[in-house]
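First comes the structure, then the notes that go with it.
The values are calculated or read from the model by the stated rules, or taken from the named source; none is laboratory data. Please read all numbers here as calculations on a predicted model, not as lab measurements. Cβ placement follows ideal geometry from the backbone for every residue including glycine, while neighbour counts extend to all protein chains displayed.
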Amino acid sequence: MSKVRMNTELRNKLFNRIKDVFEKEDTQEREAFLQAREDVTKIYPVIFAKAKEVVERSYPAEDVQTCRTLKSKYGQPLDVVAKDKCFYFSYASDERQSDSEDDDKNISEHFDFGLYGKLTDSGYRHTDDEGKNFAYAMNREYLKEHECNPDIICQQSENQDNPHKTKHMEANDKALGYSGYSSYNSDDNNTGISKAFDSQWALDIIGTSHCRSRTIGCTENEFQTFQMLKQAKARVVSSYQSWIKSVDNQCKQLKTGLKAYRYLVEGVELATELGIKVDEAELIRSNSTGLTIYNPQNLASMIKGMKNNRPLSKAEKIIARQQYEAESVN
């Protein structure tokens, strides 16, 4: 048999087959990411328990209930209780030096328990890629199953924002049910995974203004405990970026090599050298989605399905409609 010439479809099938193996290999980068994701899942309820203790110290449950009772009696003007997943914790530092007595000597930061919450304390900028990267990393398998690209931010880390990146990020957000960041109230328009995740970490607070105007006091040890959540989330993002960058670098070299090959046998040989078993005959028989359609059984089935497809006559359509309506009534 003569050698099969490489074409775009064969290159794409080979590339996708090998890339899938790259992503499933037990590399150090992948293991570090999976471990970081497991760690943050374990630490979340521990840190939240401490946050609940601190928040309820400032907003006792009996006060919250009193406010709700007054609202039920006097209506909207006393609607001052809300659920929140973002808190502005602060403690007084004896070590902080200041040249002015007017300077705030407290150490304060936002701590956001939301799926898309910030990883840094950069004001009210909630559109940072880090927060979205965390959300995508935590739900990577789900997003892949829904034909989204959870790795888009990692892949575009060296590029400016562009329509390609935006399109995939919007698809990810839609799949996760994320409709945008709520400034303080967790009872927002989010749905699905995003809403389910956030609702686990919401606490009652009194006062409907932004976090900074309702600073919650805590001890230095409690503050350091909250810092552990940010650090754990940051490790998820950094390990995720390292793993995807490693896979992406391999894929770039793979794509360059496949583009240079003239014959399919060269691509199959490359896969073999990488320890990946690829059947050349199956690649030729299958279509672009990997479905084998040209073996005798499948091809015969396709041809048979094309037979006896004449249009129904008007009389036959009337009879079919009458049968359908009769069955519907019964």
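I want to confirm something. Restricting to the range 1-49 and keeping residues that are basic (Lys, Arg) and surrounded by 12 or more Cβ atoms within 10 Å (Cβ to Cβ), which single residue is farthest from LEU274 (Cα to Cα)?
Among residues in the range 1-49 that are basic (Lys, Arg) and surrounded by 12 or more Cβ atoms within 10 Å (Cβ to Cβ), the one farthest from LEU274 (Cα to Cα) is ARG37.
All of (1) within 34 Å of the chain's Cα centre (by Cα); (2) modelled with pLDDT under 95; (3) not acidic (Asp, Glu) hold for CYS67 with one exception: (1). Among residues of the range 76-96 that are on the phi < 0 side of the Ramachandran plot, those with a beta-carbon under 9 Å from a residue that is assigned to a strand (DSSP E or B) and of a type in the set (Ser, Thr, Tyr) at least six positions away or on a different chain give the pairs TYR88/SER108; PHE89/SER108; SER90/SER108; TYR91/SER108. A single entry from GLU62, GLU56 fulfils the requirement of being acidic (Asp, Glu), assigned to a helix (DSSP H, G or I) and touching a residue at least 60 places away in the same chain (Cβ under 8 Å): GLU56. For the residues LYS71, LYS42, the requirement of being within 30 Å of GLN231 (Cβ to Cβ) and either of a type in the set (D, E, K, R) or in contact with a Lys or Arg (Cβ under 7 Å, 6 or more places away or on another chain) (or both) singles out LYS42. Figure legend. Inter-residue proximity from the range 6-25: first residues touching a residue at least 40 places away in the same chain (Cβ under 8 Å), second residues part of a helix (DSSP H, G or I) and among the small types (Gly, Ala, Ser), beta-carbon distance below 6 Å, spacing 6+ or different chains. Indicated pairs: LEU14/GLY267; ILE18/ALA271. Among the helices (runs of 4 or more DSSP H) confined to the range 226-330, the ones with at least 1 residues that are at pLDDT 65 or above and farther than 30 Å from ASP151 by Cα are located at 264-273, 280-285, 314-329. For first residues located in the range 231-248 and surrounded by 20 or more Cβ atoms within 10 Å (Cβ to Cβ), partners that are acidic (Asp, Glu) and outside any helix (DSSP H, G or I) and lie 6+ apart or on another chain with Cβ distances below 6 Å form the pairs ILE244/ASP151.
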